[in-house]
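Q: Provided herewith is a single structure, encoded as structure tokens, for subsequent inquiry.
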Amino acid sequence: MKRSTLILLKTLTWAACLGPAILLTYQAVTNTLGPDPTANIELTTGYNTLLLLILSLAITPLRKFVPRLGWLIKFRRLLGLFAFFYGTLHMLAYVALYAGFNVSAMLDDIAKRKFITMGAATWLLLLPLAATSTNWAIRKLGGKNWNRLHKLVYVAAVCGIVHYWWQVKPGVLAPMNLTISLAVLLALRPVLVWWQRRRVRPVAA
Amino acid sequence: MLIGKPSDIPSSEITPRDAYEDYVNVRRSERRSFLRGAVAAGAAALGAERLGELFDPRIGALAGTKLDTVKSPLTTTGEDLTSLNDLTHYNNFYEFGVQKNEPGQNAGALPTRPWTVKVEGKVKTPKTFDIEALLKLRPLEDRVYRHRCVEAWSMVIPWVGYSLSEFIKQCEPLSTAKYVQFLSYYDKKVEKWASDTSIFWPYSEGLRMDEAMHPLTLLTFGLYGEVLPNQNGAPVRIAVPWKYGFKSAKSIVTVRFLDKQPPTTWNDQGPSEYGFYSNVNPTVDHPRWSQKTERRIGLPFYAQRKTTLMFNGYADQVASLYTGMDLRRNF
């Protein structure tokens, strides 16, 4: 891929990823977040966390099945870090707007309400992944360890989806699309292993 | 769309209340003078307008039509009203979509005329009331009520209606009637969004007889002095201000008197989360959030949350209904 194309694509990805945050900021400043600003902020940041997490998980299968798309790897860290960015905004919005910085209220929530426990767990799982996202950390950890650690992203994604289901009312199916997307991506992993073996075998024989 | 949700209407586009009223009045006087001016041509034009209603039910929507109202001593004073824009763009009416802004977009499909309310069950004789008759049954009162959703948000709404008890008297319930069930309109061809959920329709709600007979329980036909917008439960709903909002059934087509507690939609969906009584109670948490505080719709995101009041602030009037009851168990 040409360097200029890559720069263009990266710029577009940055713009798309920052879009919701810029929109929320604009709406907050102009007081146009809608009738229920708190819920708007919480839902927008939460939804984008899961969406970006799922998009980042789609990159590996895509590259493996379509070798021409190998360059997509250059976008995985970007998407992952933006997922963490929105997850952090989501967590901070809860701390500030729902719990009102009241520590005992937060502890009460985490102890009593499983959807909040699950949300907190998701953010805590993403934290070490974001922290070890630099080239320096990859070198320090070594590729193998780094890969092993970053398998946590699957756990985090599943926890995030469960958090969403536990948050909505029983009977509401809003998390369905994201759930199906994640399920497909997870189911693809064993297929991927088989696919790669199939391609390798003739060479070995 | 890759990311994000559609933005809400910018505040610059929200029609202020008096500008809106001017608009409605001008429209009405335009129509009047038009008809006075040229009877024959006017009648023909009216015919054409009616013809339009056949093709687009929204043209026929009566929302915004002024109602003749009287003052009520049962009105709540001293709080800022939630704007008409917020009341009509932030709704839980899952038959028209589960997102708060969806009913405002989709409820135009609700056919509010002709409309009848069927009365059945433990009554002297089953009856059917036409909506026009219900509107004339008693003088319509302006009543401002606080409205507290189980989701921990709240509004202050200027409803229009009269006490449900006035209607119940006309139904002539038998002495064996202990509960009243309300069934909402349901037509899956009209309310195709309802199937985005796994909820069993039609929407069902219920009250104990003494709750239904309480003067605060309002049979509601309008808000802001006008006919109910469809997304707010047109053409007739109830408003029970000391209970969580979902108890106030919308777009009612059947009223059923029973000797036992009826099944109700949210109680069926999640019995541990939504009790039959669902009185506003800051001391009993929802399993997934505290009910101690609430956020008032329409305030900016940095606004302080409000303290939720027992029975939503109507304890003086209704607490006696529950004397001796364990409200923690009967939540």
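The values are calculated or read from the model by the stated rules, or taken from the named source; none is laboratory data. Everything numeric here is computed off the predicted structure, so don't read it as measured data. Cβ: placed from backbone, ideal geometry, glycine included. Neighbour counts: every protein chain shown.
Q: What residue, of B:Val98, B:Val160, is touching a strand residue (DSSP E or B) at 6+ places or on another chain (Cβ under 6 Å) and in a loop (DSSP other than H, G, I, E, B)?
A: Going through B:Val98, B:Val160 in turn, the sole match is B:Val98.
Q: Same structure again: Could you grab me the full set of residues in the range B:266-280 that are assigned to a loop (DSSP other than H, G, I, E, B) and acidic (Asp, Glu)?
A: Passing the criteria: only B:Glu273.
Q: Can you tell me how many residues in the range B:279-297 are farther than 18 Å from A:Ala96 by Cα and in contact with a strand residue (DSSP E or B) (Cβ under 8 Å, 6 or more places away or on another chain)?
A: 3
Q: Return the only residue of A:Arg76, A:Arg63 being touching a Gly at 6+ places or on another chain (Cβ under 7 Å) and away from chain B (no Cβ under 14 Å).
A: Just a single option satisfies the conditions, and that option is A:Arg63.
Q: Under the condition of being in a helix (DSSP H, G or I), facing chain B (nearest Cβ under 7 Å) and among the hydroxyl-bearing types (Ser, Thr, Tyr), which residue from the range A:30-48 is nearest to A:Tyr98 (Cα to Cα)?
A: Going through the qualifying residues, I end up with A:Thr38.
Q: Just to be sure before I move on: is A:Thr44 closer than 26 Å to A:Val191 by Cα and in contact (Cβ under 8 Å) with a residue 12 or more places away in the chain in the structure I sent?
A: No; evaluated as a whole, the condition is false for this residue.
Q: Here's another thing I want to ask about it. Consider B:Ser154 carefully, then state whether it is in contact with a helix residue (DSSP H, G or I) (Cβ under 9 Å, 6 or more places away or on another chain), in the same structural domain as B:His89 (by TED's automatic domain parsing) and in contact (Cβ under 8 Å) with a residue 60 or more places away in the chain.
A: Considered against the rule, which asks whether it is in contact with a helix residue (DSSP H, G or I) (Cβ under 9 Å, 6 or more places away or on another chain), in the same structural domain as B:His89 (by TED's automatic domain parsing) and in contact (Cβ under 8 Å) with a residue 60 or more places away in the chain, B:Ser154 comes out as yes.
Q: Also, I was wondering about something else. Kindly provide the set of residues from the range B:137-190 that are over 16 Å from B:Tyr314 (Cβ atoms), among the hydroxyl-bearing types (Ser, Thr, Tyr) and in contact with a Phe, Trp or Tyr (Cβ under 9 Å, 6 or more places away or on another chain), ordered by number.
A: B:Tyr162, B:Thr176, B:Tyr179, B:Ser184, B:Tyr185, B:Tyr186
Q: Out of everything in the range B:250-265 that is assigned to a loop (DSSP other than H, G, I, E, B) and among the charged types (D, E, K, R), what residue ends up being surrounded by the most Cβ atoms within 10 Å (Cβ to Cβ)?
A: Of the residues in the range B:250-265, the ones assigned to a loop (DSSP other than H, G, I, E, B) are B:250-251, B:259-264.
If we keep only those that are among the charged types (D, E, K, R) as well, we get B:250, B:259-260.
On the way: B:Lys250: 29, B:Asp259: 12, B:Lys260: 6.
My answer is B:Lys250.
Q: Based on what the data block shows, is A:Gly19 at the interface with another protein chain (Cβ under 9 Å from one of its Cβ atoms), at positive phi and free of Cβ contacts under 8 Å to residues at least 24 places away in the same chain?
A: So A:Gly19 does not fit the description; no.
Q: Right, something else. When the residues of the range B:152-201 are narrowed to those that are touching a Ser or Thr at 6+ places or on another chain (Cβ under 9 Å), crowded, with 18+ Cβ neighbours inside 10 Å and under 15 Å from B:Thr265 (Cβ atoms), which ends up nearest to the other protein chains (Cβ to nearest Cβ)?
A: B:Ile199
Q: Among what's in the range B:291-308 and is part of a loop (DSSP other than H, G, I, E, B) and facing another protein chain (nearest Cβ under 7 Å), pick the residue that is surrounded by the fewest Cβ atoms within 10 Å (Cβ to Cβ). Give the steps one after another, and end with the answer.
A: Step one: list which residues in the range B:291-308 are part of a loop (DSSP other than H, G, I, E, B), which gives B:291-292, B:297-305, B:308.
Of the ones still in play, those that are also facing another protein chain (nearest Cβ under 7 Å) are B:297-298, B:300-301, B:305.
Details: B:Ile297: 23, B:Gly298: 21, B:Pro300: 10, B:Phe301: 21, B:Arg305: 19.
Out of the qualifying residues, it is B:Pro300.
Q: I'd like to know if the range B:186-201 contains one or more residues that are under 17 Å from the mean Cα position of the chain (by Cα) and either among the hydroxyl-bearing types (Ser, Thr, Tyr) or outside the structural domain of B:Cys171 (by TED's automatic domain parsing) (or both).
A: Yes: the range B:186-201 contains one or more residues that are under 17 Å from the mean Cα position of the chain (by Cα) and either among the hydroxyl-bearing types (Ser, Thr, Tyr) or outside the structural domain of B:Cys171 (by TED's automatic domain parsing) (or both).
Q: Regarding the range B:77-92, can at least one residue be identified that is of a type in the set (Phe, Trp, Tyr), within 14 Å of another protein chain (Cβ to nearest Cβ) and not in a loop (DSSP other than H, G, I, E, B)?
A: Scanning the range B:77-92, I find no residue that is of a type in the set (Phe, Trp, Tyr), within 14 Å of another protein chain (Cβ to nearest Cβ) and not in a loop (DSSP other than H, G, I, E, B), so the answer is no.
Q: Answer yes or no: is there a residue in the range A:83-100 that is assigned to a loop (DSSP other than H, G, I, E, B), closer than 22 Å to B:Ile297 by Cβ, free of Cβ contacts under 8 Å to residues at least 60 places away in the same chain and of a type outside the set (D, E, K, R).
A: Yes; the residues of the range A:83-100 include at least one that is assigned to a loop (DSSP other than H, G, I, E, B), closer than 22 Å to B:Ile297 by Cβ, free of Cβ contacts under 8 Å to residues at least 60 places away in the same chain and of a type outside the set (D, E, K, R).
Q: While we're here: In the range B:273-331, how many residues are hydroxyl-bearing (Ser, Thr, Tyr) and out of contact with any Phe, Trp or Tyr (no Cβ under 7 Å at 6 or more places or on another chain)?
A: Final tally of qualifying residues: 9.
Q: In the range A:132-144, what count of residues is obtained for those that are closer than 21 Å to A:Phe84 by Cα and either surrounded by 11 or more Cβ atoms within 10 Å (Cβ to Cβ) or in contact (Cβ under 8 Å) with a residue 60 or more places away in the chain (or both)? Spell out the reasoning first.
A: Residues of the range A:132-144 that are closer than 21 Å to A:Phe84 by Cα, as a first pass: A:132-138, A:141.
After this cut, where a residue has to be either surrounded by 11 or more Cβ atoms within 10 Å (Cβ to Cβ) or in contact (Cβ under 8 Å) with a residue 60 or more places away in the chain (or both) as well, the list is A:132-134, A:137-138, A:141.
Of the residues in that region, 6 qualify.
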